[in-house]
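None of the figures in this text is laboratory data; all of them are computed from the coordinates on show. Just so you know, these numbers come straight off a predicted model, no measurement behind them. Cβ coordinates were reconstructed from backbone atoms using ideal geometry, including for glycine residues, and neighbour counts include every protein chain displayed.
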Amino acid sequence: MPERYFQINRRDIAYFRFILEAYEGLATLSTLDAKRGTVVLSIPGDFVDDVDSLISALGEEIMMTEIDNPVGAPFFMTQETEDGA
């Protein structure tokens, strides 16, 4: 699944997430660093062009800069359980 990384104003993270959620299944936004406004979009391969169009339109409303992967490796969501596993 393709990923794209962005630096945005931290006040715009929730707005960005809500817009993406309105397009159910289009992409998933995960916050990597809330203080710096670093987010990653995980995009199903069939929707890359649609996400490009949405990003272009959102760029008219909020400041966003596409950045290289800030951790230098694929981003993987992990979930911790209560027992630490």
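Working from label points 7 Å from Cα in the Cα-to-Cβ sense, the Asp33 to Ile62 distance is 1.8 nm.
Compared with the alpha-carbon gap, the fully stretched path from Asn69 to Asp46 is longer by 6.1 nm at 0.36 nm per residue. For the range 3-67, the normalised intensity computed at q = 0.11, 0.16, 0.19, 0.28 Å⁻¹ comes to -0.20, -0.44, -0.64, -1.46 (log10 of I(q)/I(0), Debye sum over alpha carbons, equal scatterers, no solvent). The loop-placed chymotrypsin sites (Phe, Trp or Tyr not before Pro) in the range 12-43, going by DSSP, that have at most 12 neighbouring Cβ atoms within 10 Å of their Cβ come out as Tyr23.
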